[in-house]
1. With just the Cα atoms of region 3-74, tell me how far they stretch along each of the three principal axes, in Å, largest first.
2. Relative to the longest principal axis of the chain, what angle (0 to 90°, nearest 10) does the C-alpha long axis of helix 43-74 take?
3. Provide the net charge surrounding GLY31, with neighbours chosen by a C-beta distance below 14 Å and charges set as Lys +1, Arg +1, Asp -1, Glu -1.
4. Projecting each Cα onto the charge dipole of region 14-166 (Lys/Arg +1, Asp/Glu -1 at the beta carbon, about the Cα centre), which of PRO112, ASN86, VAL65 comes out farthest on the positive side?
5. For region 126-158 and region 19-77, what is the separation of their C-alpha centers, rounded to whole Å?
6. Using modelled amide H (1.01 Å from N, peptide plane; none on Pro or chain starts), what sits under 5 Å from the amide H of SER156, excluding residues fewer than 5 places away?
7. In debye, nearest 20: dipole of region 83-169 around its Cα centre with unit charges on the Cβ of K, R (+) and D, E (-)?
8. Once the Cα atoms of helix 3-39 and of the chain are each reduced to a long axis, what angle between those two axes, in degrees from 0 to 90 to the nearest 10, is obtained?
Amino acid sequence: MSRYEGMTGLVMLGLALIVIGGLIAATCTLGGITNFARWGDSSLLAIAVLGYITLFAGMLIIGGVAVYGLWRHHRRFEGTPRTIENAYVVACSAIDKQTGETVYYWRNYPDPLTYYVRLMEPNGKQNEYETAREVFETVMEGVRGTAICQGQWLCSFQPYVGTFDSKNA
């Protein structure tokens with residue numbers, strides 16, 4: 001299970017706890033107030049406390065996942081540089097930072113743009129990397145080459161030039 005699937009599962013668990021805890025807390029609080037006013041019985045108010053605890057547990061889980069996600073996003077370009085030999089360029093895209101649109105004619109487009117390259121490693125694993133414009137200009141879809149990556153940052157890409165060798169494909 002990937003990290004993102006685990007985080008999604010925790011968010012769904014947190015939402016479920018919030019909904020269930022909120023319903024229990026609201027129902028038992030209203031019923032408990034009525035019971036206490038009418039008969040002096042506060043047992044439903046004790047159950048309402050469990051509802052509130054469940055509600056706040058869900059809020060803590062969602063808050064924890066949000067903080068972890070922001071922390072991971074902040075550190076996405078950190079790590080030791082690694083070299084990927086025979087990396088295959090699956091896709092290249094430039095995204096306008098202000099509108100979020102994909103820009104197809106990026107050479108004459110005004111900044112700010114963010115550049116992404118999707119690489120497939122020889123073992124079949126695919127990853128998307130953010131990169132600088134200077135590196136993006138050296139990359140073409142369908143090309144193989146040597147990539148140097150640090151975290152989710154593509155530091156450089158050197159395309160293979162020459163004749164096709166089916167053993168390396």
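1. Its Cα atoms span 55, 17, 12 Å along the three principal axes.
2. 10
3. Numbers: positive: ARG38; negative: ASP41.
Net charge in that neighbourhood comes out at 0.
4. So the residue furthest toward the plus end is VAL65.
5. If we compute the Cα centre of each part, the gap is 46 Å.
6. ILE148
7. Numbers: 7 positive and 11 negative charges, 33 e Å.
The dipole of region 83-169 has a size of about 160 debye.
8. The answer is roughly 10 degrees.
Where a number appears in this text, it was derived from the coordinates with a stated rule and is not lab data. Only a predicted model underlies this, so the values are computations on that prediction, with no experimental measurement involved. Don't worry about glycine lacking a Cβ; one is built from the backbone with ideal geometry, like all the others, and counts go over all protein chains shown.
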